[in-house]
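The values are calculated or read from the model by the stated rules, or taken from the named source; none is laboratory data. The structure presented is a predicted model; accordingly, all values stated were derived computationally and were not measured. No Cβ is skipped: glycine too gets one built from the backbone with ideal geometry, and neighbour counts run over all protein chains shown.
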Amino acid sequence: MKNIKSILAQMTLEEKAALCTGASAWTTVPVERLGIPEMIVSDGPHGVRRVPDASSLMMTSLPATCFPTASCLAATWDVDLIHEMGEALAEECIALNVDVLLGPGANMKRSPLGGRNFEYFSEDPYLAGEMAASLIDGIQGKGVGTSLKHFAANNQEFQRFSINAVVDERTLYEIYLPAFENAVKKAQPWTVMCAYNKLNGSYCSEHHELLVDILKTKWGFQGLVVSDWGAVHNRVASLKGGLDLEMPGPQETRVQAVVEAVRSGMLDESILDESVRRILGIVFKAQETPKGGEFDIEAHHALARKIAAEGMVLLKNDGLLPLKGHQHIAVIGRAAEVAHFQGGGSSHINPTKVAIPFQELLNQAEEAELSYAEGYSADGSLHQELIDQAVDVAESADVALIYLALPASKESEGYDRPDLELTEPQIALIKAVATAQPKTVVVLNNGAPVVMSDWIDDVAAVLEAWMMGQAGGGAIADILFGKVNPSGKVAETFPLKNADTPAHINWPGGAGEVRYGEGIFIGYRYYDAKELPVLFPFGHGLSYTTFSYSNPTVSADSFRDVDGVIVKVDVTNTGNLTGKETVQLYVHDQKSGLVRPEKELKGFAKVELQPGETKTVSFELDFRSFAYYHPEYHQWITEDGEFDLLIGASAADIRHSLTITLESTLELPCLIDKESTIREWMTDPRGAAVLGPVFKQIKSNNQELFGGEENGDVGMDVMDMLADMPLVSVLMFQQGSLTMPADEMVDGLLMQVHGKVPQM
Ligand code: BGC
């Protein structure tokens, strides 16, 4: 281990400033005289995009395995499998001489219209955090670094370099930060990449509260913060804000600005030193892993196929799947011949090889005859002759498979999706084929939900195959022919229509700003609260077998928040095929001081079961499983009371519910001040102790003033009205019967509670 302190002490101001900005598109600055090597970073997140020429941002990268993108990974609900993928990614980084892989992305899917949702895991922070932590752990366990990105509130592509995301404190802590928090605390990524956008008025690249107070101080992040590529606007301000490494480089004027800022006293050198210390720590750590050699192309392709098969979601199946005994299969749609397996932009991988879906069907079709029709064209316009040909092929077959890929014009990094529909020619194709052939299966390649109301009732089955990675073509065949029993479940809600989605009226913002007006209610939290029907709920996915849940138990009926509880349930495979089930545990707070979602995911477990087999799954719930973030206390709090533990197969398929009683061990500061209402005084134990005796007097005064609690003359329950008025205002109405001014009286009571009058 290098002595970083001593190396730092030997560095000149110019060398230190230079180290904090990249040397090229993908490398950091080496300092030969002190033995500081360069560090090589590469995109990410679902493969290694190693660009051979470090000065080029865009050129074709070296061949590497393209694994499925994050939507598919999260739909596996299998943290062990994602860990395995992380290990494989690390092996490829080592072979391709990459020190840090730029991923995973842990942003929330605020709206399904987000162009980059395919690179993100979920609409749920717990699931996204678990996935990110596992991937990071897999990669870093082999001595290769990661970059958890894009921190934070990077949830849209529209004006992504500049938009100001306006997010209230509670929403930030409960929805947009926890996946990062979980991954940082559990897996300590070597680097965290700040987002391009502004958050509540400051660029994330200069956001001291975000990068220093929250990430480095509260969460204990040990690594370095790197900018997203081009996210730095003012290098000195960004250093002060906690941004250690600016990328890409070189940026000579920026380096010079840092040198001058230190010389002129505008930038404290200790701030620069802290960034240099963090960068050196990672640069030397990266050097500990020798690079070179080869990776196992075939083994990684096979792993990519396994992951794809686990993440694909059988959304609908009226019994047609798995295919068997069909003599003639019509295979329709360009996506069967031209595999669509990743999204556009910085994550684009140059695959080692690609499984062609049609070819993979042929490999497994045994005796069946396969006929192909293109169905729709690459140019996106409607070609009736292609539809007619497809109908002919479908009519003469026993079953039709339609392979559809959402084109890049409808989904990519860099711009948001215009709508949630497939293209018009694709919809026309489905309708025409399904009319001719009722035994029609639709296979979708896309990175985020599409709406299906126009056609879903016309088809027999729908397989969501996502951006499935280079081996996905084989995984589709595995599922269609039943070689693999599908077990993926969607990690995001599929809505019925765009207008139903949580951020709809606040999307994508304008005039430089986007307001997160839906607050904590994104994804299923929103659909639950609005009681809105959806196409497929969060956590939904079908299997070729069936599962039953029984014997739910909890370790204690009453418990202290810090002790948590353990929940168990038995799962039985009640069908005839081996299969995997993901059991989900949601928590519902029966009563809370502030509004809370109807339920929130706090645990999940995936198990494999033979026909007739039963296994017990268990979940550990801790303080945070029951807490919510209180914006007045600025911390996570628990409240005494009853909680329901909901055990389900999806957010809309709850099989068992257990009720337990929580005792909060928190000693919260008393927030009562001059504006506090009577209810706030009386619900705080310290307030109630002081106000209690006075309150009796207020009540009887109130009777004189208003003529009793329920006064027919004013048509209202007066006490109910008074309860939510500030104490001082209520007293002012009663000034005549008070012995001192209302203000002074409240100050006196506040003195008794706090020993002083809190300043407003
Ligand atoms: C993307 C990052 C990526 C970086 C480097 C940026 O435009 O937002 O995710 O890692 O480019 O390619």
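Conditions (1) in a helix (DSSP H, G or I); (2) touching a Cys at 6+ places or on another chain (Cβ under 7 Å); (3) among the hydroxyl-bearing types (Ser, Thr, Tyr); (4) buried (at least 24 other Cβ atoms within 10 Å of the Cβ), marked per residue:
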| position | (1), (2), (3), (4) |
| --- | --- |
| Val98 | no, no, no, yes |
| Met108 | no, no, no, yes |
| Gly115 | no, no, no, yes |
| Phe121 | no, no, no, yes |
| Glu130 | yes, no, no, yes |
| Ile136 | yes, no, no, yes |
| Gly143 | no, no, no, no |
| Thr146 | no, no, yes, yes |
| Lys149 | no, no, no, yes |
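Just name the residue that is nearest to Glu642 (Cα to Cα) out of those in region 552-604 that are outside any loop (DSSP other than H, G, I, E, B) and of a type in the set (S, T, N, Q).
Ser558
Could you tell me whether region 161-180 includes any residue that is closer than 30 Å to Glu87 by Cα and polar (S, T, N, Q)?
No, that holds for no residue.
Condition check ((1) touching a Cys at 6+ places or on another chain (Cβ under 7 Å); (2) part of a loop (DSSP other than H, G, I, E, B); (3) closer than 30 Å to Ala448 by Cα; (4) small (Gly, Ala, Ser)) across all residues:
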| residue | (1), (2), (3), (4) |
| --- | --- |
| Gly220 | no, yes, no, yes |
| Ala231 | yes, yes, yes, yes |
| Ala237 | no, no, no, yes |
| Val262 | no, no, no, no |
| Met266 | no, yes, no, no |
| Phe295 | no, yes, no, no |
| His301 | no, no, yes, no |
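Under the condition of being part of a loop (DSSP other than H, G, I, E, B) and in contact with a helix residue (DSSP H, G or I) (Cβ under 7 Å, 6 or more places away or on another chain), which residue from region 334-348 is nearest to Leu386 (Cα to Cα)?
Glu337
Does at least one position in region 381-403 carry a residue that is under 18 Å from Ala475 (Cα atoms) and among the hydroxyl-bearing types (Ser, Thr, Tyr)?
Checking region 381-403: at least one residue is under 18 Å from Ala475 (Cα atoms) and among the hydroxyl-bearing types (Ser, Thr, Tyr).
Do you know which of the residues in region 123-146 that are of a type in the set (Ser, Thr, Tyr) and under 18 Å from Ala88 (Cβ atoms) is farthest from the ligand (Cβ to nearest atom)?
Filtering region 123-146 for residues that are of a type in the set (Ser, Thr, Tyr) and under 18 Å from Ala88 (Cβ atoms), the one farthest from the ligand (Cβ to nearest atom) comes out as Ser134.
Within region 1-93, which helices (runs of 4 or more DSSP H) (wholly inside it) include 1 or more residues that are within 21 Å of Ala231 (Cβ to Cβ) and within 16 Å of the ligand (Cβ to nearest atom)?
70-76
Restricting to region 605-640, name every residue that is part of a strand (DSSP E or B) and under 30 Å from Leu577 (Cβ atoms).
Within region 605-640, Ala605, Lys606, Val607, Glu608, Leu609, Thr614, Lys615, Thr616, Val617, Ser618, Phe619 qualify.
Suppose we filter Glu130, Glu84 for residues that are closer than 30 Å to Pro37 by Cα and in contact with a helix residue (DSSP H, G or I) (Cβ under 7 Å, 6 or more places away or on another chain); which single one remains?
Glu84
Which of the residues spanning region 405-457 are among the hydroxyl-bearing types (Ser, Thr, Tyr) and either touching a helix residue (DSSP H, G or I) at 6+ places or on another chain (Cβ under 9 Å) or within 16 Å of the ligand (Cβ to nearest atom) (or both)?
Residues satisfying the conditions are Ser412, Tyr415, Thr423, Thr435, Thr440.
In region 108-122, which residue that is of a type in the set (Ser, Thr, Tyr) and away from the ligand (no atom under 13 Å from the Cβ) is nearest to Gly517 (Cα to Cα)?
By that ranking, first place goes to Ser111.
Identify, by number, the condition in (1) assigned to a loop (DSSP other than H, G, I, E, B); (2) at pLDDT 95 or above that Tyr372 doesn't meet.
Here Tyr372 clears every test but (1).
What tally of residues in region 73-129 results from selecting those that are of a type in the set (Asp, Glu), in contact with a strand residue (DSSP E or B) (Cβ under 9 Å, 6 or more places away or on another chain) and more than 23 Å from Thr493 (Cβ to Cβ)?
Result for region 73-129: 3.
Can you name the condition, by its number, that Gln389 falls short on among (1) polar (S, T, N, Q); (2) part of a loop (DSSP other than H, G, I, E, B); (3) more than 30 Å from Ala499 (Cα to Cα)?
(2)
Residue check: is Gly344 crowded, with 20+ Cβ neighbours inside 10 Å and in contact with a strand residue (DSSP E or B) (Cβ under 6 Å, 6 or more places away or on another chain)?
In short, no.
Does Gly281 fit the bill of being outside the structural domain of Ala355 (by TED's automatic domain parsing) and either out of contact with any Cys (no Cβ under 6 Å at 6 or more places or on another chain) or outside any helix (DSSP H, G or I) (or both)?
In short, yes.
Hey, among the residues in region 22-39 that are out of contact with any Pro (no Cβ under 7 Å at 6 or more places or on another chain) and closer than 16 Å to Arg278 by Cβ, which one's surrounded by the most Cβ atoms within 10 Å (Cβ to Cβ)?
Only one residue tops the list, namely Thr28.
Got a sec? Which of Lys599, Lys606, Lys580, Lys615 is farther than 17 Å from Phe547 by Cα and assigned by TED's automatic domain parsing to the domain that holds Asn551?
Going through Lys599, Lys606, Lys580, Lys615 in turn, the sole match is Lys599.
Taking region 199-209 as the region of interest, how many residues are buried (at least 22 other Cβ atoms within 10 Å of the Cβ) and either of a type in the set (A, V, I, L, M) or outside any helix (DSSP H, G or I) (or both)?
Residues in region 199-209 being buried (at least 22 other Cβ atoms within 10 Å of the Cβ) and either of a type in the set (A, V, I, L, M) or outside any helix (DSSP H, G or I) (or both): 3 in total.
Of all the residues that make up region 210-230, how many are out of contact with any strand residue (DSSP E or B) (no Cβ under 6 Å at 6 or more places or on another chain) and surrounded by 15 or more Cβ atoms within 10 Å (Cβ to Cβ)?
Residues flagged as out of contact with any strand residue (DSSP E or B) (no Cβ under 6 Å at 6 or more places or on another chain) and surrounded by 15 or more Cβ atoms within 10 Å (Cβ to Cβ) within region 210-230 amount to 8.
Among residues belonging to region 170-193 that are touching an Asp or Glu at 6+ places or on another chain (Cβ under 8 Å) and more than 16 Å from the ligand (Cβ to nearest atom), point out the one that is nearest to Ile282 (Cα to Cα).
Checked region 170-193; the qualifying residue nearest to Ile282 (Cα to Cα) is Ala187.
Here is a check on your reading of the model: is Leu280 within 30 Å of Leu535 (Cα to Cα) and either out of contact with any Ser or Thr (no Cβ under 8 Å at 6 or more places or on another chain) or touching a residue at least 40 places away in the same chain (Cβ under 8 Å) (or both)?
The answer is no for Leu280.
Yes or no, residue by residue, for (1) within 16 Å of the ligand (Cβ to nearest atom); (2) in the same structural domain as Met193 (by TED's automatic domain parsing); (3) crowded, with 23+ Cβ neighbours inside 10 Å; (4) within 36 Å of the chain's Cα centre (by Cα):
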site	(1), (2), (3), (4)
His233	yes, yes, no, yes
Val236	no, yes, no, yes
Met247	yes, yes, yes, yes
Gln256	no, yes, no, no
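Taking the stated definitions as given, is Gly265 free of Cβ contacts under 8 Å to residues at least 40 places away in the same chain, of a type in the set (Gly, Ala, Ser) and crowded, with 22+ Cβ neighbours inside 10 Å?
no
Would you confirm whether or not region 156-169 contains a residue that is basic (Lys, Arg), farther than 19 Å from Glu492 by Cα and either assigned to a loop (DSSP other than H, G, I, E, B) or away from the ligand (no atom under 16 Å from the Cβ) (or both)?
yes
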